[in-house]
Structures are given as structure tokens and as C-alpha cells.
Amino acid sequence: VERFDVFIVGGGGTGSECAFRLGETGRLKVGLVERDKLGGECNNYGCVPTKALLKAAKIVHGARRAEEYGIRIRGIEVDYPKVFERVRGIVWGMSKEGAAPFEKVGVRVFLGAEASFVGPHELSVNGERVGARKVIVACGTKPTAPPIPGLDEAGYWTNVQAVDPPRFPTSLAIVGAGPIGVEFAQIYSRLGARVTLLEALDRVLPPEDPESSAAIAQALEAEGIEVLAGARIERVEAAGESRRVHLRGGRVIEAGELLVATGRVPAFDALNLPAAGVEVDEKGKPVLDDRLRTSIPHIWAAGDATGDLLFTHVGTYESQLVVDQIAHRRRPRRDYRVVPKVTYCEPEVASVGLTEAAARQEGFDVRVGRAHFAGNERSVIEGETYGLVKVVADARTGEVLGGHIVGEGAGELIHEIVALMAVRGRVRAAGDAIHSYPTLAESVKGALLQAAVEPRR
Ligand SMILES: Cc1cc2nc3c(=O)[nH]c(=O)nc-3n(C[C@H](O)[C@H](O)[C@H](O)COP(=O)(O)OP(=O)(O)OC[C@H]3O[C@@H](n4cnc5c(N)ncnc54)[C@H](O)[C@@H]3O)c2cc1C
């Protein structure tokens, strides 16, 4: 039995960060196991390939729109093999060093091996036993599909097929209009497929502020994506080479491929958590304390494995939290007050903190500021006028509670509000600051000033 001070399950962003940081201390014997590819979902099937595809989609869309700017481009063609080859190249470039950087800091890496617990301090790694004083579960998630009759028989894609399809479909139906569904809708539509985006709830990007949902739905529809919110799928069937999606009310959507993007749950299947005594709640999420410890104090869960806030940057934050406890005896509590979320379609959708409705629900005396990009001179110059900035502030203190931006570069702009929230700054102070002309950031200033109030004493 090989024994480790810390053994990490999962070599995605979260597990890799933990392994590297712990290895760097030079004081601990660290093991890392990955059954598929180092870099995990984000690098191989998630963030990286989708953002690379969105760039290709943006280029072709821009070329088609060039005429609006007085530039005529004839014969625009998408070379599908080249588009996906470029994406594979980017993914490869980010992971080509493999286990070497970890091994350099002394981490023992088990690649292509699956881990499962056999006891609280013991795991089986492809049949080999390893001992561990501490364990970090960073196994990520797997996609889930709703119980739609006929779905399994008809067959469907998840993000794994969608980032590297066997062949490009002429049409695509997407079930689920969360960030993943929305990004793929724009990728496939702009690259030339007819796309229908189906959402069971009453709007796209349901967790976002409803004004953001409305703005992005309008932009997606304007470029030819059919958005069906409140859609009830009754059944799905294969019809020759394509799939038929039957909606309540009788409408049938026929599409070459069907992509299901309705949510993800922690990938605990292979791990045999009961053997370690780790408790899982009824939703399949691990029961965790405010320092990410499971019900077994020497076992932590971090990143997507927690089942909440499925973002690479949250995984990185949580890695640091766990590493601090194990290597530096610091015991910070986790705090998710300021977590930015970005959907990288064009225009981007970004948010941080509370929506207006959530702030009211929490009992805040809310003050809202808004600025629409249609009134921003830079937006008009650029010809990109979709969207708005919405700031939610606490009327009593003047502090920012949340920010919501739909627009060009919203994923970058939101960080003005991120920084302001981090320091618990006042909307007035930031809104009074001089912002460059002509920038989209002037709309952030405008929204901040509109939300500004003199604090009551
Ligand atoms: C299409 C898509 C787009 C996304 N875009 C973004 C984005 O733009 N920005 C963003 O912040 N987030 C994005 N995400 C989310 C992001 O990918 C995740 O938050 C991130 O990958 C979480 O990292 P992780 O290390 O916690 O889990 P993962 O990346 O899932 O890594 C877990 C690893 O553990 C391995 N594993 C699991 N069980 C075992 C076992 N028993 N033994 C051995 N190995 C095991 C898996 O093979 C996997 O490699 C996207 C996700 C998807 C699906």
C-alpha cells in the first residue's frame, strides 16, 4: 500500500490546483488520480473549447454583418474541419505538458486510473490500494437529462459531443437555456445550423435577472435562433437520421441533432462514498461544513463536486481554501458573496451578487440604477447596442448588492462591480469617478449614479 499525506481524486482545474499548491510546499506526500484527461471538464469539454468556438462564431457573424459597416465580403464559407481543428489545438496547447508540472513538484500522478473508497483512509486506484491521511474529492460533475419519454432511445448529445461533433448538423434542437445551452445555440446557429432553443422555465438564463434574460433573448432571436421558453416536451423520437421533439400543444420540432444541457450533478458513481462514510443529501450533493469538510473531517470536497456554483473560478477559490487548511493551518470560512458569472455569448451576459428580486426577498431596501447601451455613444459607434447595465444597491447604506450586465464585453465590465462589492464600496463613490469617453464603462457609471443615494443616518 502506497501511503499519502493528501490524496486528490480528480485532475480537473480544482484537483490540479490543490495538487500543485500542496506539492509546492515540499512538505507533503501528495497523490493525484485522473481517470480521463488532466484539465477536466473545463479544459477538454467546457470553458476552453466553447470559448474557442464562440470566437469562430463571432468571426463569421461579423463577416456576414460587415456590409452594415460598408464592407462587402463575398463567398463567406465555414471550413468545419478547420474550425474544430483549431479548437483541438487550443485545448491541446493548454494540456500538452501532461503530468510533468505536477511531477516536478513531487506529486505522484495516476493517469487513466479510477479511484474508489474502500475505507475512510483507503482507496482503490484501478485495483491498487493507496492509503491517505487526508482526501480531497474534486471529481466534478456529470450531465443529467430530464425524464422525457423516448429521449434515451432517440439518443442525444451532451457538451462532450457538441464541442467536437462527428459531423456538423444542418439543424440542432437544444434542451435547456442555461449558460451552456445559450452558448451552444449561438455557436451552432452562427456556424450555419438552424437552432431551436427550448427552455421549460419562462425565460432563458433563468437564474439571471429577468431584464438580462429579456435582453439576451431579444439578441438571440434577432440573429435567427428560435427561442421557445415555457416549452413542455412531451416526448422525443428518432426519425431516420434526425430527432423529433414533440411539444405540448402539438408543435413538432425536427432537428438533425439534439443537445441536452439541463444540468449537472456530482460524479460520485465510481467513488463509493459510503465506504468512507461520506454523507450525501437527497439531491446527490455532499453534506459540507463552512470549510468544505464532508461529514468525515479528513475528507474535503471542492469545485464542481460540491454540486453548487459550477464555475472554474469557484473551484480555484475552493482549492485555495482547502490548501490553506491542510498546508498552512489557516481556517477561512467559505464566502460566496462576490462570485461573478458570465455567459460568453455575444452580447455577453454577466452578473455578480443579488438580483433585484433576491435582494428584496432578503429584506433589503433596494435602489436600482439602469443604463441601456442603446444610449451609450460607444455602443452606437460600434453598432452593438443590445443590452443594459443594472445595479442593485442597498438604499440604507449605499452599498452595491448586485450587478447585471448584458452587452459587448460584459464579462470584463462586470469586474468594476466585482471590485466595488469586494471592498463594500458605495455606489456614489464609484459613480462619481471619472470614466473614459467613449467607453461602455460609462454605462456602468451611469447605472451606479442612478442607484446612488445619500446614506440615511
Ligand atoms: C460546456 C461547458 C462550458 C463551461 N464553461 C465555463 C466557463 O466559461 N467558465 C467557467 O468558470 N466554468 C465553465 N464551465 C464549468 C467548468 O467546466 C467547471 O466548473 C470546472 O470544470 C470544474 O472543475 P473541477 O475540477 O471541479 O471538475 P472537473 O473539471 O469536472 O474535473 C473533475 C475530474 O475528475 C475526474 N474524476 C471523476 N471521478 C473520478 C474517479 N473516481 N477517479 C479518477 N478521476 C475521476 C474526471 O474525469 C474529471 O477530469 C463549463 C462547463 C461546461 C460543461
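Of all the residues that make up segment 412-441, how many are of a type outside the set (Val, Ile, Thr), assigned to a helix (DSSP H, G or I) and either in contact with a helix residue (DSSP H, G or I) (Cβ under 7 Å, 6 or more places away or on another chain) or open to solvent by less than 40 Å² (accessible area, probe 1.4 Å) (or both)?
In the first step, residues of segment 412-441 are kept if they are of a type outside the set (Val, Ile, Thr); the result is 412-413, 415-416, 419-422, 424-426, 428-433, 435-438, 440-441.
After this cut, where a residue has to be assigned to a helix (DSSP H, G or I) as well, the list is 412-413, 415-416, 419-422, 428-432, 441.
After this cut, where a residue has to be either in contact with a helix residue (DSSP H, G or I) (Cβ under 7 Å, 6 or more places away or on another chain) or open to solvent by less than 40 Å² (accessible area, probe 1.4 Å) (or both) as well, the list is 413, 416, 420-421, 430-431, 441.
Selection size over segment 412-441: 7.
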If the requirement is being small (Gly, Ala, Ser) and part of a loop (DSSP other than H, G, I, E, B), which of these qualifies: 26, 31, 15? 26
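At least 1 residues that are touching a His at 6+ places or on another chain (Cβ under 7 Å) and touching a residue at least 60 places away in the same chain (Cβ under 8 Å) in each: list the strands (runs of 3 or more DSSP E) lying fully within segment 105-164 that qualify. Break it down stepwise before answering.
On the way: elements: 108-111, 115-119, 122-125, 128-137, 141-143.
Fully inside segment 105-164 and qualifying: 128-137.
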Residues that are surrounded by 20 or more Cβ atoms within 10 Å (Cβ to Cβ) and among the charged types (D, E, K, R), drawn from segment 303-340: 304, 318
Where a residue in segment 242-263 is within 16 Å of residue 227 (Cα to Cα) and of a type in the set (A, V, I, L, M) and its partner, wherever it lies, is open to solvent by 20 Å² or more (accessible area, probe 1.4 Å) and within 16 Å of the ligand (Cβ to nearest atom), with Cβ under 6 Å and at least six apart: 258/156; 260/145; 260/156; 261/180
Taking the options 243, 235, 167, 190, name whichever one is in contact with a helix residue (DSSP H, G or I) (Cβ under 9 Å, 6 or more places away or on another chain), surrounded by 22 or more Cβ atoms within 10 Å (Cβ to Cβ) and more than 28 Å from residue 389 (Cβ to Cβ). 243
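Hey, can you tell me all the residues within segment 1-25 that are of a type outside the set (Asp, Glu) and either open to solvent by 40 Å² or more (accessible area, probe 1.4 Å) or near the ligand (Cβ under 8 Å from one of its atoms) (or both)? So that I can check it myself, show each step before the final result.
In the first step, residues of segment 1-25 are kept if they are of a type outside the set (Asp, Glu); the result is 1, 3-4, 6-16, 18-23, 25.
Hits for segment 1-25 are 1, 3, 9, 10, 11, 12, 13, 14, 15, 16, 20, 21.
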Among (1) among the aliphatic types (A, V, I, L, M); (2) assigned to a strand (DSSP E or B); (3) under 30 Å from residue 224 (Cβ atoms); (4) within 16 Å of the ligand (Cβ to nearest atom), there is one condition residue 310 misses while meeting the rest; what is its number? (2)
Residue 55: passes all of (1) open to solvent by 80 Å² or more (accessible area, probe 1.4 Å); (2) within 14 Å of the ligand (Cβ to nearest atom); (3) in contact (Cβ under 8 Å) with a residue 24 or more places away in the chain; (4) not small (Gly, Ala, Ser) but (3)
Test set (1) hydrophobic (A, V, I, L, M, F, W, C); (2) under 26 Å from residue 292 (Cα atoms); (3) assigned to a loop (DSSP other than H, G, I, E, B) - residue 345 fails condition number: (2)
Of everything in segment 198-241, what is within 22 Å of residue 62 (Cβ to Cβ) and in contact with a Gly (Cβ under 6 Å, 6 or more places away or on another chain)? Give them in sequence order. 215
Counting only residues that are within 15 Å of the ligand (Cβ to nearest atom) and surrounded by fewer than 19 Cβ atoms within 10 Å (Cβ to Cβ), which one in segment 26-46 is nearest to residue 122 (Cα to Cα)? 35
For the list (1) open to solvent by 60 Å² or more (accessible area, probe 1.4 Å); (2) more than 23 Å from the chain's Cα centre (by Cα), I need the number of the one condition that residue 357 fails. (2)
Is there a residue being surrounded by fewer than 19 Cβ atoms within 10 Å (Cβ to Cβ), more than 27 Å from the chain's Cα centre (by Cα) and not in a helix (DSSP H, G or I) anywhere in segment 403-411? no
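The values are calculated or read from the model by the stated rules, or taken from the named source; none is laboratory data. Keep in mind that this is a model prediction, so the values were computed, not measured. All Cβ positions, glycine included, derive from the backbone under ideal geometry; neighbour counts span all protein chains shown. These accessible areas exclude ligands, DNA and RNA; they are computed on the full protein's heavy atoms, side chains included. Shrake-Rupley method; radii C 1.70, N 1.55, O 1.52, S 1.80 Å.
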